[in-house]
1. Return the long-range amide H neighbours of residue 135 (sequence gap of 5 or more, or a different chain), with a cut-off of under 5 Å between placed amide H atoms.
2. Using the Kirkwood radius over Cα pairs, work out the Stokes-Einstein diffusion coefficient for the chain at 25 °C and 0.890 mPa s, in µm²/s as a whole number.
3. So what's the net charge close to residue 19: Lys and Arg +1, Asp and Glu -1, counting the other residues with Cβ under 13 Å from its Cβ?
4. Please list 158-165, 36-43, 109-116, 208-215 highest first by mean number of surrounding beta-carbon atoms within 10 Å per residue.
5. Taking the Cα centre of the chain as origin, work out the dipole magnitude from +1 charges on Lys and Arg Cβ and -1 charges on Asp and Glu Cβ, in debye rounded to 20.
6. Once amide H atoms are built 1.01 Å from N in the peptide plane, which residues 5 or more positions from residue 206, or in another chain, come under 5 Å H to H?
7. To the nearest 10 square angstrom, how much accessible area does residue 166 have with a 1.4 angstrom probe?
8. Taking R0 as 45 Å, what FRET efficiency do you get between residue 162 and residue 108 from their Cβ-Cβ distance, rounded to the nearest 0.05?
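The values are calculated or read from the model by the stated rules, or taken from the named source; none is laboratory data. Treat the numbers as computed from the prediction; the structure is a model and nothing was measured. Backbone-built Cβ (ideal geometry, glycine too); neighbour counts: all protein chains shown. Heavy atoms of the whole protein, side chains included, go into the accessibility calculation; ligands, DNA and RNA do not. Shrake-Rupley method; radii C 1.70, N 1.55, O 1.52, S 1.80 Å.
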Amino acid sequence: MTEIRKASERGLADHGWLKSRHSFSFASYYDPEHVGFSDLLVINDDRVAAGGGFGKHPHRDMEIFSYVLDGELEHKDTLGTGSVIRPGDVQLMSAGTGVAHSEYNASSTRPVHFLQIWIVPAAKGIAPRYQQQNFSAADKRGQLRLVLSPNGDDGSLTINQDARVYAGLFDGDERASLALPALRNAYVHVVAGSLSVNGQRLNEGDGLKIRDADTLEFSHGENAEVLVFDLRPMDRPRV
């Protein structure tokens, strides 16, 4: 079974300095048909104006990762971590028992465009931790590169959940397939461009919910960038 989540149907928040599209219910946007998918809780497509950003705010018991598409995002947290996240970087913060952080556009002249994604953790109350790694375009060109996994497989970052996240770039004749274990759920989010997944055409910002598929086939990309989530075979309870 598949279900397309069209980009145009996502929630919208416009705060002037921040324009955000919500694939799932978030903050004041609520849609009972889109309250997460398995352990995937949030995909926010954020555009932050030059000099703007999120002041220090707390999180706990959540796996939070940022994926920058254009520009630079400056991160600081109460773990003592300070970094600038650029395109190709994957940043993962396991909030655990509690951490506060700020995220600001690192530029005073250019906007920053990034995805912030939340995944429900497998275990609560773990020690907070921060990870960041760059995955080059060559790592993702015409293939799906594992960027998050429970055990840090293949040089991926380690996430506190039975979830695997892949990133890929596809154009022209480039093709890839991903075999899924039995009864898994998957979610595909098109970061940029367009491509076909199991014969269904998806455009920038579109999502695809997938249940009970053995294999995902990616083809006919047009400057496409995609994130793929391999998730546990259950949906989170509605909240």
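1. The list, which skips near neighbours in sequence, is 89, 90.
2. Details: Rh = 18.0 Å.
Translational D for this selection: 137 µm²/s.
3. Numbers: positive: 10, 21, 47; negative: 14, 45, 46.
Charge balance near residue 19 sits at 0.
4. Values: 158-165: 21.1, 36-43: 22.8, 109-116: 18.1, 208-215: 15.8.
Ranked from most to least packed, the peptides come out as 36-43, 158-165, 109-116, 208-215.
5. Details: 25 positive and 32 negative charges, 107 e Å.
Computed about the Cα centre, the dipole is about 520 debye.
6. Placed amide hydrogens put 7, 190 under 5 Å from residue 206.
7. Counting only protein heavy atoms, residue 166 exposes about 40 Å² to solvent.
8. Details: r = 42 Å, r/R0 = 0.92.
Efficiency, from the Cβ-Cβ distance: 0.60.
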